[in-house]
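What follows is a short report on a single structure.
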Amino acid sequence: ENNGYSLGSEQDNQHTKITFSFDTDRVLVRINDLTVEKADEVVWVRGRIHTSRAKGKQCFLVLRQQQFNVQALVAVGDHASKQMVKFAANINKESIVDVEGIVRKVHQKIGGCTQQDVELHVQRIYVISLAEPRLPLQLDDAVRAEVEGEEEGRATVNQDTRLDNRVIDLRTCTSQAVFHLQSGICQLFRETLLHKGFVEIQTPKIISAPSEGGANVFTVSYFKSSAYLAQSPQLYKQMCICADFEKVFCIGPVFRAEDSNTHRHLTEFVGLDIEMAFNYHYHEVVDEIADTLVQIFKGLQERFQTEILTVNKQFPCEPFKFLEPTLRLEYREALAMLREAGVEMGDEDDLRYIHIYDTDFYILDKYPLAVRPFYTMPDPGNPKNSNSYDMFMRGEEILSGAQRIHDPELLTERAQHHGVDLEKIKAYIDSFRFGAPPHAGGGIGLERVTMLYLGLSNVRQTSMFPRDPKRLTP
């Protein structure tokens, strides 16, 4: 019987070549397209064996493709022998198979599958790639809610086991949903800013001086000298503004050598960075960034409901709430509110979260100058404050930004105050000597936005291959 595939080998003196040919007329249907509209159609599907259960003269398979799955039935009859049922039942979990079958409408919904109204009656099945029989973790355990595991005494998978076997863990419906949604955040960020007239740029990640000052920087060997991995694209975004690009953004890796083993810190993450010139006040930029984030939140609600619901099954969470226009408080106002609520705070402390307004997204403005980087513009009305701001989701910071100093003399003075080596940032300071428009911007952490939008508890859940002080693999 010609099954549409042929496998052969050719041998010469040094190499064995494996050739693979296939029936190019065969159309593979996506599992999420298997609906009652396709009832009684004969289709080909490629998927992984998620589970298999033999019962007498029949075998039930669940075929999975990304976050979607469908039940398939192999039963002794016109199209299947006992041997075929036995063959199907013995295919290792996670193997990739091609299946020909008839789509059949079911009378009772299939609870464990995304395609609840149909099943596939298998006529032919071929193994495309066989998985090893012993898996490092079971996918059903990896998607089980912790509460369910505790109450029913069933297995769950801890974070280190997941990360050690990340390729398997990323196959779960939850992980698939998380990273499809994260891709959507990048897409919406890019779409929104391009629509607003921004230009996408790429900036160097190997730089001659720490971009933020301070010690939390990775030093790398650079031929006969040393260089650093960029803590942000900050300096280069500003140089583009000085080069008359007016409004720029970039998406790329950011490196922080912080020995922080918290739920929200990584040593490498993806930065969504914005910089723009303004006309009269830096709040023009604050409003533009806030609107960009609001457009992302709206887009996620409209386009990614399936993914949000999938994640919520394992990690229940209240829907993300935001106001229009976005709530903006000054740092001193927030400080006073916290003190009124009985929280002891110093004048320059990090603000802890307290829920007062009915929103999960807000802005804090006018931070103390002493806690901001050297290039932050002081507040002309109060030299102890700065024209800087942070943005928060569910009480945690996701963006830090400010108006930048565009006067080279003031910039030099502030850099010296922070102990920055002027020689190493000479090109940066010089870029402001030939006319620089007033400008501001900010940097957003992609993994934090994903984590907090979905109400997850650890940023490692939203970093595909996370890097922290204790993890360098896989």
Item to complete: Specify the residue that is most open to solvent (accessible area, probe 1.4 Å); the eligible residues are those in the range 161-182 that are among the hydroxyl-bearing types (Ser, Thr, Tyr) and not in a loop (DSSP other than H, G, I, E, B).
Response: Thr161
Item to complete: Please find, among Asp287, Asp273, Asp244, the residue that is part of a strand (DSSP E or B), at pLDDT 95 or above and among the charged types (D, E, K, R).
Response: Asp273
Practice prompt. Evaluate the following for Arg171: is it at pLDDT below 95 and out of contact with any helix residue (DSSP H, G or I) (no Cβ under 6 Å at 6 or more places or on another chain)?
Written response: no
Discussion item. Please determine whether any residue of the range 143-160 is farther than 18 Å from Leu63 by Cβ, open to solvent by less than 90 Å² (accessible area, probe 1.4 Å) and either in a strand (DSSP E or B) or touching a Leu at 6+ places or on another chain (Cβ under 7 Å) (or both).
Written reply: yes
Fill in: Close pairs (6 angstrom Cβ cut-off, 6 or more residues apart or separate chains): within 10 Å of Ile125 (Cα to Cα) and touching a residue at least 60 places away in the same chain (Cβ under 8 Å) in the range 77-99, of a type outside the set (Lys, Arg) and surrounded by fewer than 18 Cβ atoms within 10 Å (Cβ to Cβ) anywhere
Asp98/Tyr126; Asp98/Ile128
Worksheet item: Which condition breaks for Asn261 when tested against (1) modelled with pLDDT under 95; (2) open to solvent by less than 60 Å² (accessible area, probe 1.4 Å)?
Response: (2)
Discussion item. Looking at Gln83, Gln108, Gln71 in this structure, which one is polar (S, T, N, Q), in a helix (DSSP H, G or I) and open to solvent by 30 Å² or more (accessible area, probe 1.4 Å)?
Written reply: Gln83
Practice prompt. Kindly indicate which of Lys313, Lys247 is surrounded by fewer than 17 Cβ atoms within 10 Å (Cβ to Cβ) and either of a type in the set (Lys, Arg) or touching a helix residue (DSSP H, G or I) at 6+ places or on another chain (Cβ under 6 Å) (or both).
Written response: Lys313
Item to complete: Considering each residue of the range 397-444, count those that are open to solvent by 10 Å² or more (accessible area, probe 1.4 Å) and in a strand (DSSP E or B), and give that number.
Response: 4
Discussion item. Can you tell me how many residues within the range 183-199 are part of a helix (DSSP H, G or I) and farther than 21 Å from Ile398 by Cα?
Written reply: 2
Discussion item. Being farther than 16 Å from Ala440 by Cα and crowded, with 22+ Cβ neighbours inside 10 Å is the requirement here; does Leu266 meet it?
Written reply: yes
Fill in: Close pairs (8 angstrom Cβ cut-off, 6 or more residues apart or separate chains): on the phi > 0 side of the Ramachandran plot in the range 36-49, open to solvent by 80 Å² or more (accessible area, probe 1.4 Å) and not aliphatic (A, V, I, L, M) anywhere
Asp40/Arg104
Worksheet entry | Residue check for Gln83: at negative phi, among the polar types (S, T, N, Q) and within 36 Å of the chain's Cα centre (by Cα) | no
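The values are calculated or read from the model by the stated rules, or taken from the named source; none is laboratory data. As the structure is a computational prediction, the values presented were derived from the model and not from experiment. Quick reminder, even Gly has a Cβ in these numbers, built from the backbone with ideal geometry, and neighbours come from all protein chains shown. Keep in mind that these areas ignore ligands, DNA and RNA; they rest on the heavy atoms of the full protein, side chains included. Shrake-Rupley method; radii C 1.70, N 1.55, O 1.52, S 1.80 Å.
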